[in-house]
1. Starting at the first residue of segment 76-85, write each ³J(HN,Hα) from the Karplus equation 6.51 cos²θ - 1.76 cosθ + 1.60 with θ = phi - 60°, in whole Hz, x for Gly and Pro.
2. Can you list, bin by bin at 5 Å, the percent of alpha carbon pairs in segment 4-105, starting at 0?
3. Ordered by residue, what ³J(HN,Hα) values in Hz, to whole numbers, does segment 59-68 give under the Karplus form 6.51 cos²θ - 1.76 cosθ + 1.60, where θ = phi - 60° and Gly and Pro are x?
4. For a quick check: with amide H placed at 1.01 Å from N, whose amide H comes under 5 Å from ILE10's, ignoring anything fewer than 5 positions away on the same chain?
5. Using amide H atoms built 1.01 Å from N in the peptide plane, name the residues 5+ places from ASP18, or on other chains, whose amide H lies under 5 Å from its own.
6. What distance in nm lies between label points placed 7 Å from Cα along the C-beta direction at ARG65 and PHE5?
7. Quick one: what are the phi-derived ³J(HN,Hα) couplings along segment 7-24, Karplus 6.51/-1.76/1.60 with θ = phi - 60°, whole Hz, x for glycine and proline?
Amino acid sequence: MPVSFVSESIIPLDASFDVAGMARGEPGLPHKFRWRKTEFTVARMLEQWKEHGDCAHGSGERYVRKHGYRVQTTDGSVLRLYFQRSFGRAKFKTTQRWWIQSIERDCRAGALKAD
């Protein structure tokens, strides 16, 4: 299956965050989340990355803007998720900080259609 771009928010389910990641100052990948009324469980993390950006005030400092994760769910689907850090005066709700970026492999027979 070709990669399908999605860019929609997901809802992390309570008490399912990776506390070890949170202890390292990372957002803590949710082990369970809901997207389009379907609940997903992360079986394993395949890849992790960070995206950086320059300070908006010209100080020369760089900040982490996004934490990205490539994950496989318990049904075998492969998804790219990311956590959007708030910066400046932006205020995000918790449900708007986690996003599904794309679907690499769809194993749910139609449940993950990005269209």
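1. My calculation for segment 76-85 gives x, 5, 10, 10, 10, 10, 8, 10, 8, 6 Hz in order.
2. P(r) over segment 4-105, rounded to whole percents: 3, 12, 22, 26, 18, 10, 5, 3, 1, 0.
3. 7, x, 6, 10, 10, 6, 9, 9, 10, x
4. Amide H to amide H, under 5 Å and 5 or more residues apart or across chains, ILE10 pairs with TRP98, TRP99, ILE100.
5. LEU29, HIS31
6. Label at ARG65, label at PHE5, 1.5 nm between them.
7. 6, 10, 6, 10, 10, x, 8, 3, 6, 10, 7, 6, 5, 5, x, 5, 5, 8
Computed from the coordinates by the stated procedures, all read-outs in this text should not be read as laboratory data. Not measured: the values here are computed from a predicted model. Here Cβ is always computed from backbone atoms with ideal geometry, including for glycine, and neighbour counts include all displayed protein chains.
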